[in-house]
1. So which residues in the stretch 3-28 are open to solvent by less than 30 Å² (accessible area, probe 1.4 Å), at pLDDT 95 or above and over 14 Å from Leu86 (Cα atoms)?
2. For the stretch 34-43, which positions are under 16 Å from Ile99 (Cα atoms) and surrounded by 14 or more Cβ atoms within 10 Å (Cβ to Cβ)?
3. Of (1) open to solvent by 40 Å² or more (accessible area, probe 1.4 Å); (2) assigned to a loop (DSSP other than H, G, I, E, B), Pro73 satisfies all except one. Which?
4. For Asp31, work out the one condition from (1) among the acidic types (Asp, Glu); (2) loosely packed, with under 14 Cβ neighbours inside 10 Å; (3) more than 19 Å from Leu69 (Cβ to Cβ) it doesn't fulfil.
5. In the stretch 1-50, how many are of a type in the set (D, E, K, R) and in a helix (DSSP H, G or I)?
6. Taking Asn53 and the conditions (1) at pLDDT 95 or above; (2) within 17 Å of Ile102 (Cα to Cα); (3) in a loop (DSSP other than H, G, I, E, B), which numbered condition does it fall short on, given that it satisfies the others?
Amino acid sequence: MIRIEILRDNEKRIISFSASGHSFYKKKGEDIICAGVSAILQTAILGLSEYLNLALNVKREDGFLDVRLVLKPSPEALSILETMRLGIYGIAEKYPNYIEIIENL
């Protein structure tokens, strides 16, 4: 199962997200759930770091990703992060047995 954690600050702004595990929906290279989650998370990282030029602390290992914003998120960063969240929830809704989302609302 893929476990996604989304952390918000006291003002309910997303300040970090992480993902760990594998869905094991299909074999490696054919797993649409892992590919979808990975694409959404990597696109969020690119939007934050390349498009908005924000500083991020990123840790990557096989089956693990942890991303933390260095500074408070701007409105533009929040748009990217909330869109990422919607995408992840969309996949989880369609494949609930393969993704667990933990969020401090």
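1. Of everything in the stretch 3-28, those that are open to solvent by less than 30 Å² (accessible area, probe 1.4 Å), at pLDDT 95 or above and over 14 Å from Leu86 (Cα atoms) turn out to be Arg8, Ser16, Ser18, Ala19.
2. Cys34, Ala35, Gly36, Val37, Ser38, Ile40, Leu41
3. In the conditions (1) open to solvent by 40 Å² or more (accessible area, probe 1.4 Å); (2) assigned to a loop (DSSP other than H, G, I, E, B), Pro73 misses (1) alone.
4. Evaluating Asp31 over (1) among the acidic types (Asp, Glu); (2) loosely packed, with under 14 Cβ neighbours inside 10 Å; (3) more than 19 Å from Leu69 (Cβ to Cβ) leaves (2) as the failure.
5. Residues in the stretch 1-50 being of a type in the set (D, E, K, R) and in a helix (DSSP H, G or I): 1 in total.
6. The single condition Asn53 does not satisfy is (2).
Let's see how each residue does on (1) at pLDDT 95 or above; (2) surrounded by 15 or more Cβ atoms within 10 Å (Cβ to Cβ); (3) under 17 Å from Ser20 (Cα atoms):
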position	(1), (2), (3)
Ile45	yes, yes, yes
Asn57	yes, no, yes
Glu61	no, no, yes
Ala77	yes, yes, no
Leu86	yes, no, no
Gly90	yes, no, no
Ile102	yes, no, yes
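The values are calculated or read from the model by the stated rules, or taken from the named source; none is laboratory data. For clarity, every value in this text was computed on a predicted model and none was experimentally measured. Glycine gets a Cβ as well: all are built from the backbone with ideal geometry, and neighbour counts include every protein chain shown. The area values use the complete protein model at the heavy-atom level, side chains included, leaving out ligands, DNA and RNA. Shrake-Rupley method; radii C 1.70, N 1.55, O 1.52, S 1.80 Å.
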